[in-house]
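The values are calculated or read from the model by the stated rules, or taken from the named source; none is laboratory data. In this text, all values refer to a predicted model and were calculated from it rather than measured experimentally. When we count neighbours, we look across all protein chains shown, and the Cβ atoms used for this are built from the backbone with ideal geometry, even at glycine.
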Amino acid sequence: MIPLHLKLTNFMPYRTAELNFSGIHIGCLTGDNGAGKSSILDAITWALWGRSRSKRDDELVHQGQTEMQVEFTFALGGNVYRVVRARKAGKKSGAGALDFQVSGPLLNHLPPSGGPPFANGTNRGGRDLPSPVGVSSDGGKDGDGGSWRTIAEPQMNATQQKIIDLLRLDYDTFINSAFLLQGRADEFTVKTATERKKVLADVLGLDIWDQYEMRAKEKVASIENELRLIDLRLNEIDTEAARKPQFEAEVAVAQKAVIELGDRLREAEAKYQQAQQAQRSLGMLDAQLADLVKRIAQAERELASVERDLNLAQQKADDAPLATELADTQAHIGALARREVVRDELRQRKSDLGEEAASLRGQNERLVPEVEPFKARIALLESSTEPLCPTCGQPLTVEHRQQVVAELNSEVEARRHLFRENKARLEAIKPEVTAVDSELAALESELRSLPTLHRRAAELQAAIEAARVAAKSIAGLEQRRSEWQSALDGDREKQEAIAAQIGAARAGLGDFAARQAEYDRTRADEARARQQLGAAEQKLAACEAQLQQREAKRAERKQWAEEKGLYEELRLAFGKKGVPAMIIEAAIPEIEDEANALLTKITSGRMHLRFDTQRETVKGDTVETLEIKIADELGTRPYENYSGGEQFRVNFAIRIALSKLLARRAGAQLQTLVIDEGFGALDSTGRDKLVEAINVVQDDFQRILVITHLDELKDAFPVRIEVTKMANGSQIEVV
């Protein structure tokens, strides 16, 4: 995994910040304590695994903000991937979001693994990966022209597992190998022997052997279940085989009973067949009688129906009263039609009166305001003493003023007279309208019966037509009545004859029910005997078949037992004391060699370590372990008895060894090394040795990031990533 680009939004001390790793082979993260150097590494682990040094995700959200987001782009296996993880503070489970994207294949963008050393023994490398800066999280083009495509699963847990499967390591394995977190550089060293073996097993990818062991255990359990089933079946077969003589005796008894009941059944069957023949004859007569009864009932119903139709036709044939009523109804309809003309005239008269009244009321409403201007001019003229007219400004004499006032009074009186006349006419219109309404209501009430009269006329016309049709059908109905009466008389004579035959047949039948009961009882006994014989023969056959299966089951059991032994051996081989232990034993020398090679450079050959994989118990037994033994010029001492600087050198050497082992194994492609602090515990000579050791391993990693706040170490690395704490959030600058 090679970091390419990191984008932070409201993450820990950062509001908005970006870090482009392009061109960085070995870089130094610098800044004051608390500025946010280690937060960059927390952002990477939180984006990839959803975990960091904080126990709760809400603690990662920038102070005063409610949500955060981290976009981390990295290269792996020739492809470029991007993880976008977001979180809302204060929300319960499910408030987060996770997207996993992939871009086009990487084409020769990785920096070379080696090269000539530059100042202070470091190497800037050559070409680097394309930068995805500026690409939004919802897709688009990356720096190399490829398109982002999401490969996230519908559920966050499934997407997280997909990321872990791609990286081939989880958070704990990562921080125990190539990620030396602040305050956790001794993560591997201070663990118990069992925990160290677990970390080493994860680094070596030995979890697959746990799966093999589990499968072997499941197979053994499955085989044991099969063996139990076979043993149960063999016990059943042995129990059943012991009853074979009993089954043979049951077959002999059943065969004898079947023979005896067969003879009795044949005798009872002959007697029953004779009775059946007589019964069939009687049945035919009964059927004929029943048919005649039905025919007689049908004929009686048909004759009654014809009688009813004939009576009804005779009643309908007289149409004289209907014609008289039709003439009266049509005369009434004509009279009402003439009354409709009067109704229409009254409606028009009412409309005319309404329009006249509306016109008069409108005229009066206009006359009232028309009088007021005249009255105002009269009052003005009468009150004026000036020789000029107050309305027009002309010279005005007394005679002229009186003349104008008289004319204005005349105009006022004319309008008042017209108003009174209109009002009198309105009063006269009211009784006229009342009279018209009264007459119109009477006409409307009288005319409401007109639709009913029309319907009655139509009904009478239809009834007259029906009477004419009924008169024509009377002759046919009388003919049908005669035919049905003749058929009914013939069937009644036949009914009497068949009834006499049935009486004679019943007298000669005898006790049919007794013969049938005897036959049914004998047949049931014979069938029961045959059933018992079949059951006895079936039990005997099953017993003989099971005896044949016994040898096959014994052979099958032997085969399963041999297979169980094979899987028991595989289970032991796949267990922690089997192949995984051998792999760890084989990897320990490799880790020791790598760690001691670095430790020699860092300590000038003063310190040396070894791993003990076995130890002797108090009882004298040998158990598996993973103890770390450290020696210097004073001898071998426990890890805790060394100084902080010496412990850091040991931790660094072991971590580098684990990282290089992880890169060489078929598991994770670990190409990044991060060292968070730790230099403060070293003296100047130790720091120089550690820088030299980093330069030694630079060819094994595509990215090496060192975090420090010591000014004397800033110039020891070719690239500096400076983190500055600002009022609006920390900022990142690559210099």
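The residues of the range 1-30 that are outside any strand (DSSP E or B) and surrounded by 22 or more Cβ atoms within 10 Å (Cβ to Cβ), listed by number, are 1, 12, 21, 24, 25.
Residue-level check: of (1) modelled with pLDDT of 80 or more; (2) closer than 25 Å to residue 51 by Cβ, residue 199 misses just (1). Please verify whether residue 522 is β-branched (Val, Ile, Thr), touching a helix residue (DSSP H, G or I) at 6+ places or on another chain (Cβ under 7 Å) and part of a helix (DSSP H, G or I), treating the condition exactly as stated. Yes, satisfied. The single condition from (1) within 24 Å of residue 701 (Cβ to Cβ); (2) at pLDDT below 90; (3) surrounded by 15 or more Cβ atoms within 10 Å (Cβ to Cβ) that residue 146 fails is (1).
Could you please let me know if residue 480 is over 60 Å from the mean Cα position of the chain (by Cα), surrounded by 12 or more Cβ atoms within 10 Å (Cβ to Cβ), under 30 Å from residue 333 (Cα atoms) and of a type in the set (Lys, Arg)? No: the conditions fail for residue 480. Residue 583 fulfils the conditions (1) exposed (fewer than 13 other Cβ atoms within 10 Å of the Cβ); (2) within 16 Å of residue 204 (Cβ to Cβ) except for a single criterion, (1). Looking only at the range 582-597, decide whether some residue is under 30 Å from residue 189 (Cα atoms) and not in a helix (DSSP H, G or I). No: the range 582-597 contains no residue that is under 30 Å from residue 189 (Cα atoms) and not in a helix (DSSP H, G or I).
Applying the condition of being part of a loop (DSSP other than H, G, I, E, B) and out of contact with any strand residue (DSSP E or B) (no Cβ under 9 Å at 6 or more places or on another chain) to the range 616-648 and asking which residue is nearest to residue 688 (Cα to Cα) yields 643. Scanning the range 58-93 for residues that are farther than 11 Å from residue 11 by Cα and without any contact (Cβ under 8 Å) to a residue 24 or more places away in the chain yields 64, 88, 91, 92, 93. Of the listed requirements (1) aliphatic (A, V, I, L, M); (2) surrounded by 12 or more Cβ atoms within 10 Å (Cβ to Cβ); (3) modelled with pLDDT of 85 or more, residue 412 misses just one: (3).
Determine if the range 250-272 includes at least one residue that is more than 18 Å from residue 525 (Cβ to Cβ), hydrophobic (A, V, I, L, M, F, W, C), in a helix (DSSP H, G or I) and at pLDDT below 75.
No; the residues of the range 250-272 include none that is more than 18 Å from residue 525 (Cβ to Cβ), hydrophobic (A, V, I, L, M, F, W, C), in a helix (DSSP H, G or I) and at pLDDT below 75.
Between 539, 564, 553, 558, the distinction of being farther than 30 Å from residue 219 by Cβ and assigned to a helix (DSSP H, G or I) belongs to 539 only. Once the range 428-455 is narrowed to residues that are within 23 Å of residue 327 (Cβ to Cβ) and of a type in the set (Ser, Thr, Tyr), the residue that is surrounded by the fewest Cβ atoms within 10 Å (Cβ to Cβ) is 452. Within the option set 259, 296, being farther than 30 Å from residue 486 by Cβ and assigned by TED's automatic domain parsing to the domain that holds residue 472 holds for one residue only, 259.
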